[in-house]
1. Using the Karplus equation 6.51 cos²θ - 1.76 cosθ + 1.60 (θ = phi - 60°), what ³J(HN,Hα) coupling, rounded to whole Hz, does each residue of the range 32-48 give in order, writing x for Gly and Pro?
2. Run the quick spin-label model on A16 and E30: label points 7 Å from Cα toward the beta carbon, then report their separation in nm to one decimal.
3. Please list the equivalent ellipsoid semi-axes of the range 76-145, computed as the square roots of five times the alpha-carbon gyration tensor eigenvalues, in descending order and whole angstrom.
4. Explain nothing, just compute: Karplus ³J(HN,Hα) = 6.51 cos²θ - 1.76 cosθ + 1.60, θ = phi - 60°, for every residue of the range 146-158 in order, whole Hz, x for Gly and Pro.
5. Can you pull the Rg over Rh of the range 1-60, Cα-only, Kirkwood?
6. Run the dipole for the range 79-118 about the Cα centre, Lys and Arg Cβ at +1, Asp and Glu Cβ at -1, nothing else charged, and hand back the magnitude in debye, nearest 20.
7. Of Q179, I53, C153, whose Cα points farthest to the positive end of the dipole of the range 7-186 (charges on the beta-carbon: +1 Lys, Arg; -1 Asp, Glu; origin at the Cα centre)?
8. First measure r as the distance between the Cβ atoms of L182 and T157, then evaluate 1/(1 + (r/R0)^6) with R0 = 35 Å and state the FRET efficiency to the nearest 0.05.
Amino acid sequence: MENLNPDIRHLKDMGAVLYDKEWQKTADPEMELYYIYRGLKEKQGFRYDITVIPAKMLGKEFIKTKGHKHSKDYGEVYIVLKGEAIFLMQKTKNNKIEDVCAVKGKKGALCVIPPFYAHFTINPSSKELKIANWLDKNCENLYQDVQTKQGACYFYTTNGWLKNENYKNIPPLRFEQPQNSLPEKLSFLNE
């Protein structure tokens with residue numbers, strides 16, 4: 001990966017999705033938060049990316065990706081390559097959060113993001129996180145809903161999980177275990 005140029009997500013690119021707005025006001029907007037290496041390989045119409053998220057705090061919040069949902073009904077598969085991750089997923093229906101779930105995993109853990117779920121990756125540790133993902137190469141990431149609500153419906157902070165007050169009637173956060181293997185219909189990605 002040394003010869004590839006990653007997409008770099010800076011603090012200024014996060015917009016209003018962070019919990020600690022006071023910290024954000026005085027932080028360096030050029031601060032590099034994470035690195036996305038897109039299209040490292042392709043297999044049967046799926047694209048393979050790697051994202052590297054250093055261990056940092058964003059004020060009182062653990063570092064995370066900006067979060068997005070997908071165009072159409074595309075899902076996505078994540079694999080933890082190094083470190084520890086929390087994958088936060090939320091499904092909205094009729095402008096209301098219908099379901100919200102978190103999956104925590106270490107190296108080797110798999111997380112399948114179902115279609116129609118916005119999702120965020122959090123590095124809750126003091127070590128670098130490296131994750132890979134497979135998704136349909138035609139998939140587009142949509143950020144508008146997350147940006148409008150100023151982040152996910154929950155923030156992971158030094159005080160634990162806190163609700164985002166920009167959402168109404170947030171269901172309790174469910175916790176699920178990571179998967180140990182790819183779903184059968186995606187097993188070709190292991191080849």
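What follows draws every value from the coordinates through simple rules; no lab data is involved. As the structure is a prediction and not an experimental result, all values here were calculated from the model. So basically every Cβ, Gly included, is an ideal-geometry build from the backbone, and we count neighbours across all protein chains shown.
1. For the range 32-48, the Karplus-derived couplings read 7, 9, 7, 10, 10, 9, 8, x, 5, 7, 9, 8, 6, x, 9, 9, 10 Hz, x marking Gly and Pro.
2. 2.7
3. Taking √(5λ) for each Cα gyration eigenvalue gives 22, 15, 10 Å.
4. Values per residue, Gly and Pro as x: 5, 5, 4, 8, 6, x, 6, 6, 10, 10, 9, 10, 5 Hz.
5. Radius of gyration relative to Kirkwood radius: 1.09.
6. Its charge dipole is roughly 100 debye.
7. Looking along the dipole axis, the top candidate is Q179.
8. 0.60
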